[in-house]
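Report on one structure; see the data block that follows.
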Amino acid sequence: MRKVVNNAQEAIVGIKDGMTLMLGGFGLCGIPENCLDALVDTEVKGLTCISNNAGIDNVGLGKLLRKSQVKKMMSSYIGENKEFERQMFSGELEVELIPQGTLAERIRAGGAGIPAFFVPAGYGTEVQGDKEVREFNGKMHVMEMGLRADFAIVKAWKGDTAGNLIYRHTANNFNNMMAAAGIITIAEVEELVPAGELDPNCIHTPGIFVQRIFQGVDYKKQIEFVTTSE
Amino acid sequence: MRKVVNNAQEAIVGIKDGMTLMLGGFGLCGIPENCLDALVDTEVKGLTCISNNAGIDNVGLGKLLRKSQVKKMMSSYIGENKEFERQMFSGELEVELIPQGTLAERIRAGGAGIPAFFVPAGYGTEVQGDKEVREFNGKMHVMEMGLRADFAIVKAWKGDTAGNLIYRHTANNFNNMMAAAGIITIAEVEELVPAGELDPNCIHTPGIFVQRIFQGVDYKKQIEFVTTSE
Amino acid sequence: MSLDKNGIAKRIAQELQDGYYVNLGIGIPTLVANYIPEGMEVTLHSENGLLGIGPFPKKENVDADLINAGKQTVTYIDGASFFDSAESFGMIRGGHVDLTVLGAFEVSETGDISSWKVPGKLVKGMGGAMDLVAAAKNIIVAMQHTDRDGNSKLLKKCTLPLTGVKCVKKIVTDLAVLEVTGDAFKLLERAPGVTVEEIKKATEGTLIIEGEIPEMNI
Amino acid sequence: MSLDKNGIAKRIAQELQDGYYVNLGIGIPTLVANYIPEGMEVTLHSENGLLGIGPFPKKENVDADLINAGKQTVTYIDGASFFDSAESFGMIRGGHVDLTVLGAFEVSETGDISSWKVPGKLVKGMGGAMDLVAAAKNIIVAMQHTDRDGNSKLLKKCTLPLTGVKCVKKIVTDLAVLEVTGDAFKLLERAPGVTVEEIKKATEGTLIIEGEIPEMNI
């Protein structure tokens, strides 16, 4: 089996209208820039996107939103994204806001074959909704469900031809869990090496979770808030 | 705060009769040899030990069993341990057999603050017992509970003074999850280095989970089945 | 005289203990990092996947792969580690983070907190706030005692959508330090020069005042 | 002539596909690794935390930190990775492992399997077997068709404590290849020289025989 594809265009083949996608990244950190650009160049629409944020105006997922390719977002934080807010308030975009830790755990559970679990987050708030609640150890918890996606699209620092991935610094964030939760997982990496070159003790995402991999190009890695000292 | 202690004797201070311990390792691979020896040298008894296996006769946890310091074992596999079998059949030792993946996930859940979750393993078997069962996605699941321990005792390859741990090869196994599930976690490592020397992208167990750490001595690393080719 | 933001941060820093792992929210809480007592080892947790946040980088060291939960560029200290978001929230949910400091719009006398949504106005999402307040071992709220119009933010009952229920343990405002007892705010300290009367006036929820209330020592 | 252990392993190896991730249990299943077709990329999963098992090591390369789920010393191949037990079983439970091959004491015509316990005799624990059978996408059982006393191991109903229910999809024995349809064993292939009559006699559970049953091609 050849996991290696040539570029983002090849990697996203099979993504169809109405599908559910997971997209890695926190803010603009660790987002799959190449695949996002490639998706914007298609006419795919009606997507449900699971991503902690939605990029910013015209950057990252923001581009997909602007082109109205997204039907529903499942996120913890919209951030500085005016188009997102506009579509949400107008009702064009369906939005499910999920506490960040619950979102992370739901994705982790999905990938690990756990259909449901209990967390304290959201109890007594509008997040609870009509979810089942139950007391454990004297504390109320909400039952949350595992999440999977038709495609998970992640961004890593280094990858090998067996699909193993290593993330850099805080660019890991949601990528690692999402890689395991995609029915098909696409990984774009800054550096693709032959199997055997990465330290097997230092792999974040084992290759079993990755179906397609390619070395990305032209990473912009925009920063939302450049803060410096001295 | 100083996490670094001098040796196993200092590390196990506070372990008392009747406490629950988690002990890392799979078979004899990645077991905390120094702390096990130190525990055998104490008169602590009535312990509940959560460990995938129970060592073999007079090696690893087998020593604690032989000295009748263990009241209850929670394991997935007894392995080649005659004394364990004897105590179990005679009723001296209470044994809860737990499917390996469920055991691993219960420990992971305990450390991550998840009180309960659903898995398919054990449904329709004696493991199901009187646990709650429920159908998800057309498949029956059993509700399992998170596990914590008064002390978790793990063995790592490298560690630093901040408590960060790196495991080697298959000596990771249950150690990583157990480190997070101990109220107090003791780590013994083959090599202890100053904070800053380990690659922060390559840490398996972040230091937040480790309360006490020391560089172990005289590792025997026994092998149950030496199998070779050629 | 009421405290400014740095004063509030300075007072909260007195709650720190050697060896603590601390999560600081956006705004005033972030400033607490500037007042960690010399020689005290406090490790800062960033819920996007970093334990051991360092100071902001020098201009030439800015790294897009190294940000905090507020999406600001940061650095990391010796002994730091990086991990994914599930592990990061496992640290919070599992009670491994010793202290969480965060801002709020409102706190109720039962310890409920509203901090994420103003219906029709501000609906940016809760981020990690609900996870933090529901699961952190110890939560201190850092905020102004009243809003811009002078309305109390320490209420009998929150008016805005909740972030969590019965979770706030302590509040440090520009006027006072208060403990949340479960059904009331117990006044512990006054800001320098601020009177008990002023605090009474600025507090809508039940206020417990026992004996002489000392001034903060900052 | 009935197959020996290697014959069973060889026949199971025909079920492999390029790119498969496979978990091989202890005993006959382990032998399947010896018959992976040349040029086919099959990655072996060891539930104690290794993806990419290599052959047994040379004597001088034996490493106590590098064992398989049977606690035998092994090696690892290029592209291997190590991980903890929770992640390892996440791979199984999440359906990422394409095929699981394991032994059994008994299999029922509804796909139930008994493989871990003989009350009063063998109570060593289930290890990872319950997780594997409950969650694996595709399970093949490798075993003898009958026990030492000639009693069928393909039953209407298992007599020993169960490892899992309704999970076995295919069985390869020394006599035959059978599919578990949900309420019967469907005979697919005969071992070379073994007659349908012999298989009938050795099978206690409902056996479906449709048309000409071909001989295995091994």
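None of the figures in this text is laboratory data; all of them are computed from the coordinates on show. Quick caveat: nothing in here was measured; it's all calculated off a predicted structure. Counting neighbours? That spans all protein chains shown, and the Cβs are built from the backbone with ideal geometry, glycine included.
Worth a mention:
- Relative contact order (%) - the range D:5-208, alpha-carbon pairs under 8 angstrom, separation at least six: 18 percent
- When the P(r) is computed for the range A:8-215, the part past 32 Å accounts for 17% of the Cα-Cα pairs.
- Antiparallel beta bridges, as assigned by DSSP with both residues in chain C, represent about 55 percent of the total such bridges.
- Over the range A:1-125, relative contact order from alpha-carbon pairs under 8 Å, at least 6 apart, %: 18 percent
- Inter-chain neighbour count for C:69-75: the average number of beta-carbon atoms from partner chains within 10 Å of each residue's beta-carbon is 6.
- Structure-based [θ]222 nm, chain A - -39500 (n - 2.57) summed over DSSP H runs of at least 4, per residue, nearest 500: -5500 deg cm²/dmol
- Integer Hz, Karplus 6.51/-1.76/1.60 couplings in order for the range C:77-82, x for Gly and Pro: 9, 4, x, 6, 8, 10
- For the range C:149-166 and the range B:97-175, distance of Cα centres in Å: 39 Å
- Position D:N217: other-copy label points at 8.9 nm, ordered by increasing distance, label point 7 Å along Cα→C-beta.
- The C-alpha atoms of chain B define a longest principal axis, and helix B:100-111 lies at about 60 degrees to it.
- Near D:K170, once Lys and Arg are set to +1 and Asp and Glu to -1 for all other residues with Cβ below 9 Å from its Cβ, the sum equals -1.
- Per residue of A:194-201, other chain Cβ atoms within 10 Å of the residue Cβ number 6 on average.
- Applying 1/(1 + (r/R0)^6) with r as the Cβ-Cβ distance of D:E38 and B:K139 and R0 = 35 angstrom yields a FRET efficiency of 0.40.
- Packing rank of D:91-98, B:104-111, B:86-93, where each peptide gets the mean count of other beta carbons within 10 Å, highest leading: B:104-111, D:91-98, B:86-93
- Using C-alpha pairs below 8 Å separated by at least 6 residues, the relative contact order for the range C:110-218 is 28 percent.
- Modelled FRET efficiency - R0 45 Å, A:K45 with D:E15, Cβ distances, 0.05 increments: 0.65
- The calculated FRET efficiency for the pair B:N58 and A:K67, based on their C-beta separation and a Förster distance of 45 Å, comes to about 0.05.
- Counted residue by residue at 0.36 nm each, then reduced by the alpha carbon distance between them, the extension gain from D:K200 to D:K137 reaches 19.8 nm.
- At 7 Å out from Cα toward Cβ: D:T206 inter-copy label distances (nm, ascending): 6.8
- Across the identical copies, the label point of A:K82 (7 Å from Cα in the Cβ direction) is separated from its matches by 8.1 nm, in order from shortest.
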